[in-house]
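Here's the structure, in structure tokens; my notes come after.
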Amino acid sequence: MRLYIMRHAQTEYNKKGIIQGSEVDSDINKFGDNQSSLFYDYYKSIPFDMVYVSALKRTYQTVRRFTEAGIPYKKLKEFNEISWGINQGKSDDLKEYEELINSWLSGDLDNKFENGESPNEMSERLVRGFDKIIKESYENVLLCIHGRALRILLSKLIDNDLTKMDKYTHSNTGVYIIDYNNKKYDIVAKNLRDHIS
């Protein structure tokens with residue numbers, strides 16, 4: 001199985017540096033729609049069997065051209081972005097935001113904002129969603145998710161160590177290509193952006 005795991009296209013929240021988690025159901029903006037169009041043009045020749053998205057509309061909007069071309073898709077809420085709790089909708093230059101991320105990288109993976117979600121909690125639901133994809137056993141899969149979700153998923157699958165999450169850089173519509181075979185994962189490419197370069 002080959003998996004193309006991408007981050008959604010740009011939203012106004014991304015552009016303005018605002019924290020958007022699972023409770024912020026924002027649309028992609030005009031620039032983001034152009035990114036998604038370029039992504040589609042670049043990857044439309046790949047015979048995707050299925051497209052998976054989170055339950056947040058920015059992921060579906062990013063890949064809608066594939067579904068409009070007839071490729072089936074499924075929404076899985078397990079792939080929603082992490083909840084930033086009381087700090088969703090605030091600027092991402094918050095001191096508390098930086099401190100929280102640093103605590104995760106230092107190993108405090110149960111730490112979270114009030115009413116939010118920890119990496120350990122998020123990892124459990126991401127793995128539940130990913131297991132559904134693996135069981136369906138398609139040959140080529142496109143999965144559109146979110147920045148922190150992508151980092152936590154890959155650090156769990158590849159390293160089995162969530163403190164490694166920030167080594168998985170991402171950008172809007174950047175894609176990781178992962179080969180899965182006999183319960184092993186190999187990264188073929190990281191955060192590819194050839195479609196917008």
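The values are calculated or read from the model by the stated rules, or taken from the named source; none is laboratory data. All figures in this text were calculated on a predicted structure; none of them were measured in a lab. Cβ: placed from backbone, ideal geometry, glycine included. Neighbour counts: every protein chain shown. Surface areas here come from the heavy atoms of the whole protein model, side chains and all, with no ligands, DNA or RNA. Shrake-Rupley method; radii C 1.70, N 1.55, O 1.52, S 1.80 Å.
Within the range 16-36, no residue satisfies the criterion of being over 13 Å from THR62 (Cα atoms), touching a helix residue (DSSP H, G or I) at 6+ places or on another chain (Cβ under 9 Å) and assigned to a helix (DSSP H, G or I). Scanning the range 99-123 for residues that are without any contact (Cβ under 8 Å) to a residue 40 or more places away in the chain and either loosely packed, with under 13 Cβ neighbours inside 10 Å or of a type in the set (Val, Ile, Thr) (or both) returns GLU99, ASN102, ASP110, GLU114, ASN115.
Looking at LYS77, LYS90, can you tell me which residue is modelled with pLDDT of 95 or more and basic (Lys, Arg)?
On the way: LYS90 fails: modelled with pLDDT of 95 or more.
That would be LYS77, the only listed residue that is modelled with pLDDT of 95 or more and basic (Lys, Arg).
Among the residues of the range 70-82, those that are without any contact (Cβ under 8 Å) to a residue 60 or more places away in the chain and assigned to a helix (DSSP H, G or I) comprise LYS77, GLU78.
For the range 178-197, name all the residues that are of a type in the set (Ser, Thr, Tyr) and closer than 21 Å to ASP41 by Cα.
SER197, the sole residue that qualifies.
Scanning the range 1-36 for residues that are of a type in the set (Gly, Ala, Ser) and surrounded by 17 or more Cβ atoms within 10 Å (Cβ to Cβ) returns ALA9, GLY21, SER22, SER26, GLY32, SER36.
Looking across the range 83-111, the residues that are within 19 Å of the chain's Cα centre (by Cα), in a loop (DSSP other than H, G, I, E, B) and closer than 22 Å to ASP25 by Cβ come down to SER83, TRP84, GLN88, GLY89, ASP92. Hey, can you tell me all the residues within the range 42-69 that are open to solvent by 20 Å² or more (accessible area, probe 1.4 Å) and either under 15 Å from ASN80 (Cα atoms) or assigned to a loop (DSSP other than H, G, I, E, B) (or both)? LYS44, SER45, ILE46, PRO47, ASP49, ALA55, LYS57, TYR60, GLN61, ALA69 - these are the residues of the range 42-69 that are open to solvent by 20 Å² or more (accessible area, probe 1.4 Å) and either under 15 Å from ASN80 (Cα atoms) or assigned to a loop (DSSP other than H, G, I, E, B) (or both). Given the structure, is PHE39 open to solvent by less than 20 Å² (accessible area, probe 1.4 Å), in a helix (DSSP H, G or I) and aromatic (Phe, Trp, Tyr)? Judged against the criteria, PHE39 is a match. Of note, ILE187 satisfies the criterion of being exposed (fewer than 15 other Cβ atoms within 10 Å of the Cβ) and more than 11 Å from the chain's Cα centre (by Cα). Once the range 138-175 is narrowed to residues that are in a strand (DSSP E or B) and open to solvent by less than 10 Å² (accessible area, probe 1.4 Å), the residue that is nearest to MET122 (Cα to Cα) is ILE145.
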